[in-house]
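One structure is given below, encoded as structure tokens.
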Amino acid sequence: MLQLETKGLNYSVDGQAILSDINITIEQGSYNTIVGPSGSGKSTLLRLLADLLTPTSGEILLAGQAISDYKPTQYRQRVSYCFQQPTLFGTTVGDNLVFPFEIRELPVDETLVQTQLARVGLAEMPLTKKITTLSGGEKQRIALIRNLMFKPEILLLDEITTGLDEQTKSLVNGLITHLNQEDGITVLSITHDTQEQQRKGRQLQIVAGRLVHADESSR
């Protein structure tokens with residue numbers, strides 16, 4: 001089932017084209033890896049799909065409806081974006097993990113919070129821990145499970161394993177694989193990691209702001 005689509009998508013800054021005539025169709029439950037040289041427009045594409053940037057021209061459709069027709073909060077509950085450099089809120093780990101409940105005006109499910117921490121190897125981390133004391137890998141995992149506290153339909157990942165040690169990277173990749181294969185969450189992931197690029201699924205190659213190749217990998 002077609003879930004996310006771009007039609008003639010263009011994005012320019014001060015008259016300089018960053019992305020040109022991008023036409024992509026993303027199927028529900030698929031795994032899509034976006035590759036290409038640095039500066040080719042990969043992150044810009046992901047931010048457009050996340051509704052963090054507005055296209056210069058063209059369309060982005062979610063379930064056949066222009067994303068501009070959705071309320072921003074409604075869209076971002078369905079399409080979740082994870083930054084390469086995680087941004088945490090407040091002062092503690094708990095501030096971040098209760099946030100998804102607060103914006104939905106729901107009681108905090110403490111069992112779910114602890115389950116999510118355990119999924120990324122942080123079962124022993126106290127919710128009172130100051131975010132200023134977290135390592136880069138810990139911050140990334142907290143930001144990721146904050147986005148996953150209520151499962152989105154689509155997960156947009158912008159090089160989120162860059163700079164992580166191998167053990168942490170394996171934990172994060174295992175969680176993402178589970179979300180895709182077991183929970184049916186659609187994934188679009190930017191990565192420069194060769195092993196991650198070889199993951200089964202579809203590979204989208206962007207060079208100089210243009211989609212030059214899209215294929216189904218059987219590796």
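The values are calculated or read from the model by the stated rules, or taken from the named source; none is laboratory data. In this text, all values refer to a predicted model and were calculated from it rather than measured experimentally. In this analysis, Cβ positions are derived from the backbone assuming ideal geometry, glycine residues included, and neighbour counts consider all displayed protein chains.
Only one of Thr133, Thr168 is crowded, with 19+ Cβ neighbours inside 10 Å, of a type in the set (S, T, N, Q) and either out of contact with any Leu (no Cβ under 9 Å at 6 or more places or on another chain) or modelled with pLDDT under 95 (or both). Can you tell me which?
Going through Thr133, Thr168 in turn, just one is crowded, with 19+ Cβ neighbours inside 10 Å, of a type in the set (S, T, N, Q) and either out of contact with any Leu (no Cβ under 9 Å at 6 or more places or on another chain) or modelled with pLDDT under 95 (or both): Thr168.
Among the residues of segment 103-130 satisfying the criterion of being part of a helix (DSSP H, G or I) and either more than 21 Å from the chain's Cα centre (by Cα) or of a type in the set (Phe, Trp, Tyr) (or both), which is nearest to Tyr81 (Cα to Cα)?
In this case the residue turns out to be Gln114.
Scanning for something touching a strand residue (DSSP E or B) at 6+ places or on another chain (Cβ under 9 Å) and without any contact (Cβ under 8 Å) to a residue 40 or more places away in the chain, does segment 151-158 turn up at least one residue?
Filtering segment 151-158 for residues touching a strand residue (DSSP E or B) at 6+ places or on another chain (Cβ under 9 Å) gives 151-158.
Narrowing further to those that are without any contact (Cβ under 8 Å) to a residue 40 or more places away in the chain: 151.
Yes: one or more hits.
Filter segment 79-113 down to the residues that are closer than 25 Å to Thr161 by Cα and exposed (fewer than 15 other Cβ atoms within 10 Å of the Cβ), then identify the one that is modelled with the lowest pLDDT.
That would be Gln85.
Does segment 38-46 contain any residue that is out of contact with any His (no Cβ under 9 Å at 6 or more places or on another chain) and more than 17 Å from Glu159 (Cα to Cα)?
Within segment 38-46, not a single residue is out of contact with any His (no Cβ under 9 Å at 6 or more places or on another chain) and more than 17 Å from Glu159 (Cα to Cα).
Inside segment 11-31, can you point out the residues that are crowded, with 17+ Cβ neighbours inside 10 Å and in contact with a Gly (Cβ under 6 Å, 6 or more places away or on another chain)? Steps first, answer last, please.
First, pick out the residues of segment 11-31 that are crowded, with 17+ Cβ neighbours inside 10 Å: 11, 18-20, 22, 24, 26, 30-31.
The answer is Ile18, Leu19, Ser20, Tyr31.
Suppose we keep only residues that are assigned to a loop (DSSP other than H, G, I, E, B) and of a type outside the set (Asp, Glu) within segment 164-188. Which one would you say is farthest from the chain's Cα centre (by Cα)?
Here the residue is Leu164.
Counting only residues that are assigned to a helix (DSSP H, G or I) and more than 19 Å from Leu157 (Cα to Cα), which one in segment 131-144 is nearest to the chain's Cα centre (by Cα)?
Within segment 131-144, the match that is nearest to the chain's Cα centre (by Cα) is Ile131.
Can you name every residue in segment 153-163 that is crowded, with 19+ Cβ neighbours inside 10 Å and either in a helix (DSSP H, G or I) or out of contact with any Asp or Glu (no Cβ under 7 Å at 6 or more places or on another chain) (or both)?
Passing the criteria: Ile154, Leu155, Leu156, Leu157, Asp158, Glu159, Ile160.
Output the number of the condition that Glu59 fails; it satisfies all remaining conditions of (1) acidic (Asp, Glu); (2) without any contact (Cβ under 8 Å) to a residue 12 or more places away in the chain; (3) in a strand (DSSP E or B).
For Glu59, the exception is condition (2).
Counting only residues that are touching a residue at least 12 places away in the same chain (Cβ under 8 Å) and of a type in the set (S, T, N, Q), which one in segment 114-130 is surrounded by the fewest Cβ atoms within 10 Å (Cβ to Cβ)?
Restricting attention to segment 114-130, the residues satisfying the condition of being touching a residue at least 12 places away in the same chain (Cβ under 8 Å) are 116-117, 119-122, 125-130.
Checking which are of a type in the set (S, T, N, Q) leaves us with 116, 128.
On the way: Gln116: 21, Thr128: 10.
Applying the filter and picking the extreme gives Thr128.
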